[in-house]
Amino acid sequence: MVSEMQQATVTRPQIRVQNAVKSFSGRVVVDIDDLTLGDQPIEGLIGPNGAGKTTLMRMIMHSTPLDRGTITLFNANGGGDVVISNLPTHWMAPHGLVKSNQVIMDFDNLTILDSMLLAVSTAKYEQPHRIFDEKPLYDDNVERMHEYMEYFDLGDPMRIAGSAGEKKLLDIIRCLLLEPKFLMLDEPTAGLPEEITEKVVGLVRKLADEGTSVVIVEHDLNVIWNLCDDVHFMAEGSVVLRGSPEEIRQNSTVVEKYLGEGHV
Amino acid sequence: MDLDFFSKSIVIGLTEHAPLVLAAIGFALLYRLTGLINVAYSETITLGAYFGMWFNTTYDLNFYTVLLPAGIVAGLISVGTYFAVFRPAKKLNVGALEMIIISFGLSIVLRHALQFVFGYPVRFFEVPPPVSIRVLGVGVGAFRILAVASVAAVSLALYYFIQRTSFGLQIRALASDEDLAQASGIRPLFVTVLIWFIAGVAGGMAGAFYGVSSSVAPLLGWRQFLFIFLVVVVGGRKGLGGVIITGALTGIALAAMTLQFGQVLYAQLALIVAFVALLKWRSKRSIETVKV
Amino acid sequence: MNLNWLDAFLISGLFSVVVIIGLALLLHLQLGLTRIANFGVVGFFGIGMYSFGVLFTKVDWPFGDLPAFLVSLAFGTLVAGLSGLLVGWLIADLDEDGVLVGTLGFATVVFILATTEQDLTGGALGLGGLKFPYDVGTVKADEFLWLIIVIIVVTLIFLYVWWVHRTPYGRLLIATGANEPLARSLGKATFRTKLWLFAVGSAGMGMIGALFGVMERFLAPENLGIDVTLAAMVALVIGGTARAWGAVIGGFLIFGFFDIIVQSYIPFPKAWYGQAIPNAKLIVEGLVLMGVLLFRPLGILGAMRRDKLMRRVHG
Amino acid sequence: MSETNGTPMLEVSGLRSGYHGVNVLKDITFDVGNEVFSVLGANGAGKTTLLATLARLITSTAGSITFLGNNVTRIPAFETAARGMGYVPQERGVFPDLTVMENLNVGGMIGERSREERIDEVVALFPDLGNLSNQIAGTLSGGESRMVACGRALMQDPVLLLLDEPTAGLSPLYVDMFFEKIAEIHQDKGVGIILAEQNATKALEVADRVMVLSLGEAFAVMDAANLTTDQLKEGYRI
C-alpha cells in the first residue's frame, strides 16, 4: 500500500530501507525501521563514529549482506522499482545505483583513460570473443570522457593516477561516468585539494538539478551544511533525526551526540 | 556394512594415517599464524623422513632414538627457510599470491636437492620385522600401534604447549592480532622463529613416521601435501583441536573408502571432491563484508 | 650422419619449448592479468590429452585419420573447457587458499583417473596407438610437420593473448585481478568473468595437451606430473607475468637453454642425462621462480605499461 | 601551558602521519606529563591515527616522538610497550580467540611484579572480569571487551596509557563507569593518560589538559578548564 502511494508521487529516484538489520559478532551496527533516501536532490548522512553510516551504504550496495530487511530502489534505470537487497553488487550500477569509496581505491596498472573506459564499458563489450570492440567503445564515449578530463584539468589521461587526491578524484569520475540515477558519496572530499572539492561539489549540484538523487557522508560538516537540502542524523545504528541543515545544526540532540551533554 | 567394517576402518585409518594428524598440526601453526600457505612444508616432511632414515641406517639406531633428532633437523631447516626466503620476502612486500608461488619454487628446489644428496633409489628404514597383534579383531603390526601412540603423545604435547604454556599464549596472541600483540610487548621475531621451528619439528617427525611405515622417496611429502592442506583448511577454523579431529576423521574415512572401493586412489578422489565441495559450500554461506 | 641425430633432438626440444610457451600464454591470462594462481595447469592439459587420446584410439572410426583426429581434438578441447568451467565455478569466489586447493585438487583427480580407469587409459601402463593424422614419409618429416603445426597453433594463441590486452575484455580481466570488489561496484560481473576465463583458458590447455599427446604417441600418467605446471609458471614468471611477450621470452630462455642447448650442444657425460640433468633443471627452475619473484617480481619485461599501450591504440 | 611534573613523559613535535598515502595528521606538536590529556575532535579528525602513531603501529612520515626522554620515533611497537606505553585501540582491543584470563596474561608478559598480584589489581578495578575469566573474548559484549582491553593494558604496568575512545558505542551506565575508572587509574596508580574522545563533556570532566584536533590539525592545546563551547564547536565544525 505504502509503496504504491509512494510510487505515485515519486519524482526522482529514491531508496527505501525497511526493517534492515546488520550486526557484527552479536553487536547491532545498523537497525533501521523505515528510511527513505532521495526525497530531496542532495541529502546528507551524518553522525558520530560508529553510528553505522558506512555500513548502511554498504548494505544498500549489498557488498555487506543484510541480516534481514528489504531495500528497494524506486525509479531505477528503466523507470521501474527494484528490490535491490536480493541482488548481487554488480547489479547496482546497471540499475543506476552507484557509490564512491571512502578509502582510496584504484586499479594498479590501469591508466586514467583505462579507468574511464572500464566505467563506460558494458558487459556486451567484455566477452572473451569480442576482440574488436575497443575502437567502437572509445569512439562512442570519447566526448563524454573529454568533458570530465577538461573540467577537472586532468592533463594526460594515458598515465596512471599518481597522488592519493588524483585517485580519489578518479574514483568519483568513474562513478559519474556510470551515469548514476542514485549516487552515494562516502567522504568525497577527504584528501582532495580545495579547488577540486569545489569542482566536485559543483558537478554534484548540477547532477542533482538534472534529476539524480545524491546522498553524501562527509566528515567535514561544512560541506554538509553548504551542500545538502536535507540531513539525516544517525546515531547508534538508526536515523534519529531528519531536517534541514539549519535545523540539524541547531538541534540539541545532535550537539549532544557529538560533544556530550552540557554543551547544548 | 557390519561392525567389522567399522572397526577395521577405525583401526586401519588411525594406524596408517596417524602421521597426517601430526603433519597437519605443524602446517596449521604456520598457516594460522603467518597466513602463509607454505607449499615447501611438504619438503619439511620429506626431510624428516630422509634424516630419520639416515640416522637410523648410518648409526644403527632404534627408530624412536632417531625420531627427535630427525624432527629437530627438520625444524632447524624450517627456520632456515624462514630466514633465507620467507622473511626477506615479507620485507620485500611480496603479495600473498607470489608468496605461494615462491614456496612452490622452494618446495621443488628442496625436493630435488634431496635427490642429489641422498641419491635416486628409494630408501628404507632398518627396523625389525613387524610383530602382529590384534586390535578390535583387526591384525596390526605392533610397531604401528606404538607409532599411533607416539603420534598421539606428540600431538597432545604440542596441543598442551600451544594451549597452556606462556610461549603458546604468545603464539596464539600473535596469530590472533599482530598489531595488538606488538603493542602488548610481544616480540614478533622470536615468536615467529619459534613457530617455524615447532612446525618443522612436527612435520619432520610426521615424515619419519611416514617413511618408516613404507619407504623414503623424494615425493613422500608432496604426495601428502594436498591432504594435509585440505585437513587444515577444512578443520583449522576451530583451532588445533579441529585440526586433530579432522585429521583423524580423514584417516578413518580414507581407510573406510579404501576398503569399500578396493582402491586407495578412489578413496583419495572421493575425499578431494568432498572437501572441495565443502569449501565451496562454506564460502557460499560466509560471504562477508567486502570493502567497497 | 651426426647432423641427422642432432636435428631429431632439435625438433623434440623445440616442440617442448613451444608447448610450454602455449601453456604459459594461457596461464598469463589467468595469473598475469586476473591474478588467479592456477596450480592445475597440468590437470587441464592432461584431461584434454587423455580425452582426445581415448576417443582417437579406442573408437573404430569409419572415416580417415584426419577427420577422426579433428573430431577427437574438438572433443578433448571441449572436455577440458567444461572442466575449466566446473573448476572455475568452484574457485571463482574463493581466496588464494581455495584456488590452490581447487586447482591442485583437480590436477590430482585427473592423475588419479588416468591411473585407475585402466579400461580407457591403460592405467599406469599407458595408452598407445596415437599417430599423426597424416604421413609424409619419414618419422622425422612427420614430426617436423607436426612441430610447424603446433608452432602455428601457439602463434595464434599468442596473437589472441596479445590482442586481449587491447580489448575491453582484457581491461576487465586486469581490473578484476587488481581490485575485484571495486570492479564489482562498477557493475562488472566478476564471477562470470572468471568462469569464462577458466573455460576458455582450460580449453586451450586441453587442446595443447592433445597436440602434445600426438607427438608423444604414448600417453602415461608420468606425463601428468606437477613439473608441467611448474614449467608453464616458470616460463611466465621469468619472462614477465604482466605482458604477453613474457611467456614467449621466458619459455625460450629457460627451456630453450635446457631442452635444446643442454640436450644437444653441451657435451655432458652421457650418464648425466638420465637423472642428474633433469634434476638440476628442476632445481634451477625452482630457484629462478623464487629469485625472480623476490627480486624482480614482474620478470624480465617488467610492468605492464598500459600508458604506452593506450597511446599506441588511441593516441 | 599548565604545570606538569618536571619533564614531560611524552613530547611530540611536528608529527605527520597517515596511511594509503594520505597525510591524516598535519604537523602536530604537544607534550604530556603525568596527567589526563584529552584529545578531542569529530570523526575523521585524526584521533585514532594519532594514538596508533604514538603506539608505533603506524609509521610517522615526519616529526619526532620522545617518550621518557628517549626518541622512540623509529623503534618497534613492542619496544615502546616494554618501556611503559600501554595502548587500548578503539575497536580491536582484545584478542578475540583468547579467553579473558589469557588476554590479561598477554599483558602480563612484560613487567617485573608477579602476574597474580597484577591480575588481582585489575579484577579489583573491574570486578566483572572475575566472573568472565574463562569466556572467549570474541563473545563478550562491547562494554565487557572494553574492560578486558583496559585490563590487558594495565597488566603491562604502564606509565602512560593511550585510550582510544574507550566509551564509543557504550550505554550511558558503562560510560559513567569508565570515566570514573579513568580518573581512578590516574589518581591511584599514577599512570599518565592520553584519552581520545569525541564526547567532549565527559572528557573535559576528567582531563587536566586538552587538545582539539580538527581535520588533522591541532586546533587548540590548553588547560581543560579554559576551553569554551564556541571553541569546541569551531573545532568540530558544528
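The values are calculated or read from the model by the stated rules, or taken from the named source; none is laboratory data. In this text the structure is predicted, and so the values were computed from the model without any measurement. Reconstructed Cβ throughout: ideal geometry from the backbone, glycine too, with neighbour counts over all protein chains shown. Surface areas here come from the heavy atoms of the whole protein model, side chains and all, with no ligands, DNA or RNA. Shrake-Rupley method; radii C 1.70, N 1.55, O 1.52, S 1.80 Å.
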Fill in the blank from the handout: Mean-square fluctuation maximum in Gaussian network of chain C, Cα pairs under 10 Å, restricted to C:232, C:80, C:141, hits C:141
Fill in the blank from the handout: Restricting to lysines and to Cα separations under 30 Å from residue C:58, and discarding same-chain partners fewer than 8 apart, the set is C:131, C:140
Completion exercise
Result for interface chain B to chain C, accessible surface buried in total, 1.4 Å probe, Å² to 100, stands at 4100
Exercise for the section: Within the stretch A:198-240, report the GluC sites (Glu not before Pro) that DSSP leaves as loop and that have at most 11 other Cβ atoms within 10 Å. Expected result: A:210
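Counting other Cβ atoms within 10 Å, which chymotrypsin sites (Phe, Trp or Tyr not before Pro) in the stretch C:116-210 have at most 16 and lie in a DSSP loop? If you can, show how the numbers build up before the last one.
Numbers: sites: C:134, C:144, C:146, C:158, C:160, C:162, C:163, C:169, C:191, C:196, C:198; in loops: C:134.
Filter output for the stretch C:116-210: C:134.
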Exercise for the section: Can you send over the solvent-accessible area of residue C:79, 1.4 Å probe, protein chains only, in Å² to the nearest 10? Expected result: 40
Problem - With Cα atoms, 0 to 90° folded angle of helix C:276-295 axis to chain C main axis - result: 10
Practice task
Note the angle between two axes, namely the Cα long axis of helix B:264-285 and the longest principal axis of the Cα atoms of chain B, as a number of degrees from 0 to 90, rounded to the nearest 10.
Solution key: 30
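State, to one decimal in nm², a quarter of the convex hull surface area for the C-alpha atoms of chain C, i.e. the direction-averaged projected area.
Working: hull surface 72.0 nm².
The Cα convex hull of chain C, projected and averaged over all directions, gives 18.0 nm².
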Fill in the blank from the handout: Subtracting the Cα-Cα distance of residue C:264 and residue C:59 from 0.36 nm times their residue separation yields 70.0 nm
Fill in the blank from the handout: Result for interface chain A to chain C, accessible surface buried in total, 1.4 Å probe, Å² to 100, stands at 3100
Handout entry: Mean residue ellipticity (222 nm) of chain C, computed from DSSP H runs ≥ 4 via -39,500 (n - 2.57), nearest 500
Key = -23000 deg cm²/dmol
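So, counting K/R as plus one and D/E as minus one, what does the shell of residues with Cβ under 15 Å around residue B:55 add up to?
Net of charged neighbours comes to -1.
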Exercise for the section: Please work out, to two decimal places, the log10 of the ratio I(q)/I(0) at q = 0.08 Å⁻¹ from a Debye calculation in which every Cα of the protein assembly as shown carries one identical scatterer. Expected result: -0.98
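Counting only protein chains, not ligands or nucleic acids, how are A:114, A:140 ordered by accessible area (probe 1.4 Å), most first?
On the way: A:114 0, A:140 110 Å².
I get A:140, A:114, largest accessible area first.
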Practice task
With springs only between Cα atoms under 10 Å apart, run a GNM on chain B and tell me which of B:127, B:117, B:85 wobbles the most.
Solution key: B:117
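If you average 1/r over every pair of different alpha-carbon atoms in the stretch D:93-157 and take one over that average, what Kirkwood value in Å do you get? Numbers along the way, then the final one.
On the way: mean 1/r = 0.0893 Å⁻¹.
After inverting the pairwise mean of 1/r, the radius is 11.2 Å.
Could you check how many percent of all C-alpha pairs in the stretch B:19-220 are farther apart than 25 Å?
In whole percent, the share of Cα-Cα pairs in the stretch B:19-220 beyond 25 Å is 39.
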Problem - Of all accessible heavy-atom area on chain A, the percent that carbon and sulfur account for (1.4 Å) - result: 47
Practice task
Report the relative contact order of chain B, percent, no decimals, based on alpha-carbon pairs under 8 angstrom and at least 6 residues apart.
Solution key: 39
Handout entry: Sequence of D:92, B:134, C:243, A:205 when ordered by accessible area, the most exposed leading, probe 1.4 angstrom
Key = B:134, D:92, A:205, C:243
Exercise for the section: Name the lysines eligible as straight-distance cross-link partners of residue B:238: C-alpha to C-alpha under 23 Å, and not fewer than 8 places from it in the same chain. Expected result: B:280, B:284
Exercise for the section: Could you check how much of the accessible area of the stretch D:93-157 is carbon and sulfur, as a whole percent, using a 1.4 Å probe? Expected result: 47
Handout entry: Probe 1.4 Å - accessible area at residue B:124, Å² to nearest ten
Key = 120
Problem - Residue pairs, from the table D:26/D:47; A:53/C:188; D:202/D:233; A:168/D:233; A:135/C:308, whose Cα atoms sit over 19 Å apart - result: A:53/C:188; A:168/D:233
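Counting only protein heavy atoms, what percent of the accessible surface of chain B is carbon or sulfur at a 1.4 Å probe? Walk me through the intermediate numbers first.
Details: 7840 of 11780 Å².
Result for chain B: 67 percent of the exposed heavy-atom area is carbon or sulfur.
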Practice task
Just tell me which aspartates and glutamates come within less than 15 Å, Cα to Cα, of residue A:206; anything on the same chain fewer than 8 places away is out.
Solution key: A:43, A:147, A:179, A:198, A:229
Exercise for the section: Give me the accessible area buried between chains D and B, both sides summed, with a 1.4 Å probe, in Å² rounded to the nearest 100. Expected result: 1800
Problem - Per-residue HN-Hα couplings for the stretch B:97-109 [Karplus 6.51, -1.76, 1.60; θ = phi - 60°; Hz; x = Gly/Pro] - result: 5, 5, 4, 4, 5, 4, 5, 5, x, 4, 4, 5, 4
Problem - Charge dipole magnitude, Cβ of K and R +1, D and E -1 - the protein assembly as shown, Cα centre, debye nearest 20 - result: 3100
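Hey, got a sec? Which chymotrypsin sites (Phe, Trp or Tyr not before Pro) in the stretch A:125-214 land in a DSSP loop and have at most 13 other Cβ atoms within 10 Å?
A:132
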Practice task
Choose one answer from C:293, C:186, C:156: the residue with the largest mean-square fluctuation in a GNM of chain C with alpha-carbon springs under 10 Å.
Solution key: C:186
Practice task
Can you tell me the 0 to 90 degree angle between the C-alpha axis of helix B:188-213 and the longest principal axis of chain B, rounded to 10?
Solution key: 20
Exercise for the section: Please work out the average accessible area per residue across chain A, using the 1.4 Å probe convention, and give it in Å². Expected result: 40
